[in-house]
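**Q** Here it is, the structure in full.
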Amino acid sequence: MKRLHLSVPKLPGLGLASFRRRILFRSAFVLLIAATLGLAIALLKEEKQRSYDNYQQSFRKTQAEIMARLRHPAGQLALLNPDAQGGAVTPLSPLVLPYAALDFDELNKAQQAVEMAGCSVQYENGNSLCVAIGSNPYAGGFIYLVGSFADGTLVSHEGSQTDIGSVHRARVSLDMRGTHSQWLAPFEAQNVVGGGMLRGRLTGFTDTEASEFATLLPSMARPVRDFRGWLWQGNQCVDPQAETGCLKRAYFSIRLPVEAFTAELFLKRLPTWPPADLNDIKVHLEMFGPNASAPLFDSNAPSATPPLSLNGLAQTLLPGEQLHIRKLNGNKLAQKPITLKADEEDETLSPWLHKLVRHLPVDGYTNPLEGREVIRTAVGSYEVVLSGDVRSIDRSISIVATRMLWFVGAMLAAIVLAWLLIEIGLIRRIAVLTKRAAAVSYNVQDARVEHRLSDLDLSDLRGRDELGILASGLDDLLQRVKDDVQREHIRAQQERDMWQAVGHEIMSPLQSLMVLHPDSNDTSHRYVQRMQQAVRVLYGTASPSEALEAATLQLGAIDLNEFLQHIAANAPFAGIDNVQFTPAELAMPARADEFSLEDVVTHILRNADRYRLPGSPIVVSLEEAESVVLIRIHNQGPAIDANMLDKIFEYGVSDSEGHDNGERRGQGLFVAKTYMAKMGGTITAENVAEGVAFTLTLQRAAA
């Protein structure tokens, strides 16, 4: 059995252009990956710049806030009591107030001073107590106790009775430098002040018996002269909706005498203030109600909440920031500084991503930021230094970027997966189809196309998807392409033969007409010459437009003044009446082909005659410019649509369909534009007043 050997179709060498789309496609994916990474890096850089700018503003705000808080009495209280932070809240130790002394006799003044300083320890049920000393040893050699509690109407102590178990009373204990002192202070009402507020004195007695519920005064007891205390109670219930008895808020203010402080004032040397052992002094206050088995208020209660300390300032700091506080002695540092730090963020971050963020350039990036100020108080000046750490910006951005890293990774994975799917399932098949299609296109141009196309086979690329349908369609069209090419060759040859026959038949009568009109001055002789030239241009060419573009003109110098006079005089013979031309005084030579220029002017005159108003003239004028000569042809009539001013010179453009005899094919103005271009000139149309004007521009010729 013989094996059939089919000739392999010739395949062209594919250049770079044939790979352009594939290169563009692959480059698009590479750029998409690069853009995704670049976008992520640009966003990180922008976020770092924005975070740094915000951090600078936040740092200044934090500094201003901390300094404002430290200048406030509550902040100065924290500065004056740096050792009060940390440790057990109870038993209470005195704090140094930012005031020289406390006006404890006035409720409003005492309350305002305590609230401004924020020295109160808070308890449940709204109870509070501030234990403090003044900042001036000569005016504040006392311990002040200012606070409040809630109970029913206060019961006053009357007369000299020693049993005080049925009245409201206070018991104060002081442990200091190895000694223990205790006072009992029953409430003795005095009067009712404005607003129905009950006011009374807490008269202090030295308690030597130390009874469990402070119910008995020592026999023959006399009040302590320097012990001063006051108790006030309003007439409003703490909770008006309470179903049980009405509890009213009571406020107390006690000045506790301290003999050790007083004794130091009489020494010759300047007393140390505040005392070095201030934190070792312990004060215990208990408030008892009438016939109560337990104190109404106990300063050693476990629910005690400490006042603001320097540790509270650490909550305002951002991660990486540090606050250094040091007391100054003149311009010298007088004590070990107190350093406060913010809690560090404990989150997982990517090391390489953190390294990338650190190397991103940011305008104005400095490390570290620092703000330094001096806070002046009653007992000295304090240097406060706030240090910022811009590396915390890198860490915070890295933490956020680490959480978002898998989003970027998922985007890149999706891009790569889409690339692989399209590359394997589409691009490779497109490459094969491109080669086959190139072979088809190349072999169609061969003179033996019918033999080449029969060797092409696209059956292996057929399928039900888009490329398979395209390959099937290409395969089905191959046979039709062959038939169409053959028919096109036959039609072109027939049309060429027709034009040759037409040219041959027309040239013979024209030669006879030339014999009948041998005089070159005869108008008919010129028209016969123009007809012969037109036939020569079109002779043997299938397309009139191609013939006109391929025509060669003989350029020479002609006098446009004389030329236009001749055109205007002979216009009636061409059926164009009332053409007016006013000759110029001097000759105006221009470079042109006489017959071609006459065709151009005649086509424009015919166009103007077709659209002019009945009876109106066609005005031809001649103007001279710097290096060109302008011929203007103006007619009165309808204007041309502005969108058509340039299109009317295209081949086949006309305002109406051609007649049965073939007129108005849209060829006249195309011929005029083509001839003008070959003569180095231009032609334009414009709408003017009451009509349209055509302007022909020709190059001037040497006189």
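The values are calculated or read from the model by the stated rules, or taken from the named source; none is laboratory data. Source: prediction; values computed, not measured. Heads up, the Cβs are rebuilt from the backbone with ideal geometry, glycines too, and the neighbour counts pull from every protein chain shown. These area figures cover heavy atoms from the full protein model, side chains too; ligands, DNA and RNA do not enter into them. Shrake-Rupley method; radii C 1.70, N 1.55, O 1.52, S 1.80 Å.
**Q** What residues have an amide H closer than 5 Å to that of VAL224, excluding those fewer than 5 places away on the same chain, when H is modeled at 1.01 Å from N in the peptide plane?
**A** When sequence neighbours closer than 5 places are left aside, the close amide H contacts are GLY204, PHE205, THR206.
**Q** If you don't mind, there's one more thing I want to ask. Can you list the residues, at least 5 places off or on another chain, whose amide H is less than 5 Å from the amide H of VAL258, using H built in the peptide plane?
**A** When sequence neighbours closer than 5 places are left aside, the close amide H contacts are ILE143.
**Q** Still on this structure, please answer the following. Only Lys, Arg, Asp and Glu count, each charged at its Cβ (+1, +1, -1, -1), so figure out the dipole size of the range 72-193 about its Cα centre, rounded to 20 debye. Could you put the intermediate results ahead of the total?
**A** Working: 4 positive and 11 negative charges, 56 e Å.
That gives a dipole near 260 debye.
**Q** On the accessible surface of the range 56-196, probed at 1.4 Å, how many percent belong to carbon and sulfur atoms?
**A** Working: 2740 of 5760 Å².
On the range 56-196, the fraction of accessible area on carbon and sulfur atoms equals 48 percent.
**Q** For the range 101-208, what's the relative contact order in percent, using C-alpha pairs closer than 8 Å and at least 6 residues apart?
**A** 16 percent
**Q** Let me ask you something else. Compute the signed sum of charges (Lys and Arg +1, Asp and Glu -1) over the other residues within less than 9 Å, Cβ to Cβ, of LEU555.
**A** Once positives and negatives cancel, what remains is +1.
**Q** Roughly how many whole Å is it from the C-alpha centroid of the range 37-51 to that of the range 281-300?
**A** Each part's Cα centre sits 62 Å from the other's.
**Q** Oh, and also: Quick one: 3J(HN,Hα) in Hz for the range 644-653, Karplus 6.51/-1.76/1.60 with θ = phi - 60°, rounded, Gly and Pro as x.
**A** Calculated HN-Hα couplings, in order: 9, 4, 8, 7, 5, 8, 7, 5, x, 8 Hz.
**Q** Given a 1.4 angstrom probe, what's the average accessible area per residue across the range 44-162, in square angstrom?
**A** 42 Å²
**Q** Quick check on the range 118-159: take the gyration tensor over C-alpha atoms, sort the square-rooted eigenvalues as a ≥ b ≥ c, and tell me if it's rounded (a/c under 1.5), prolate or oblate.
**A** Note, shape of the range 118-159 comes out oblate.
**Q** Along the charge dipole of the range 42-142, pointing to its positive end and built from +1/-1 on Cβ of Lys, Arg, Asp and Glu, which listed residue (ALA68, GLY141, SER120) has its Cα farthest out?
**A** ALA68
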